[in-house]
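Trainee: Here it is, the structure, as structure tokens.
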Amino acid sequence: MNKYELVYILKTATDDETKEKVANKIKEIIETNGNIESIDVWGNKKLAYEIQKLTDGYYVLVKFNAGADIPKELDRNLKIMDQVIRHLIVNVDNN
């Protein structure tokens, strides 16, 4: 299993119920073949540059261990979620 970090940014206008649905979907995907180390909600932050005419975003960091197929599945799902502005999955090297 590899160690990964996922940061995703939601639209700030997203209601709490939808935020919970997105988080649960991510947990569900990761836990099919891995485990979550931590979820760190950064909350609303200013974006470095305007994205889709938005200047703020709701940031969440997820650290997890999983097989190589899980990041691909996460990427596919996050791309089709309307509330997700951006996401980034990074393989964390243990060196």
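We did not get these values from a lab; they are worked out from the coordinates using the rules stated. Remember, predicted model here, so these are calculated numbers, not experimental data. Note: ideal-geometry Cβ built from the backbone for every residue, glycine included; neighbour counts use all protein chains shown.
Trainee: Just to confirm the number: angle between the C-alpha axis of helix 69-80 and the first principal axis of the chain, 0 to 90 degrees, nearest 10?
Mentor: For 69-80 against the chain, the angle is about 20 degrees.
Trainee: Quick one: go through region 75-95 and flag any residue whose amide nitrogen is under 14 Å from the point 7 Å out along the Cα-to-Cβ line of Lys63.
Mentor: So the set is 90-95.
Trainee: Okay, moving on. Report the charge-dipole magnitude of the chain in Debye, nearest 20, computed about the Cα centre from +1 at each Lys and Arg Cβ and -1 at each Asp and Glu Cβ.
Mentor: The dipole of the chain has a size of about 260 debye.
Trainee: Now for a separate question. Lys72 versus Asp56, label points 7 Å from Cα toward the beta carbon: distance in nm?
Mentor: 3.9 nm
Trainee: Can you compute the label reach from Asp15? Point 7 Å from Cα along the Cβ direction, backbone N cut-off under 15 Å, restricted to region 60-95.
Mentor: Only 83 pass the distance filter.
Trainee: To continue, here is another question. What does the helix-only formula give at 222 nm for the chain: each DSSP H stretch with n ≥ 4 adding -39500 (n - 2.57), the total divided by the residues, and the result rounded to the nearest 500 deg cm²/dmol? Walk me through the numbers before you get to the answer.
Mentor: Values: 2 runs with 27 residues, N = 95.
Mean residue ellipticity, 222 nm, calculated: -9000 deg cm²/dmol.
Trainee: Based on the Cβ-Cβ distance from Ala48 to Lys27, what FRET efficiency comes out when R0 is 30 Å, to the nearest 0.05?
Mentor: For Ala48 and Lys27, the calculated efficiency is 0.65.
Trainee: Moving on. If you build the Cα gyration tensor of the chain and take the root of 5 times each eigenvalue, what three semi-axes come out, in whole angstrom, biggest first? Walk me through the numbers on the way to the answer.
Mentor: Values: eigenvalues 105, 40, 27 Å².
Over the Cα atoms of the chain, the ellipsoid semi-axes are 23, 14, 12 Å.
Trainee: To test your reading of the geometry: what angle, between 0 and 90 degrees and rounded to tens, separates the Cα axis of helix 16-30 from the longest principal axis of the chain?
Mentor: Long axis of 16-30 versus the principal axis of the chain: about 20 degrees.
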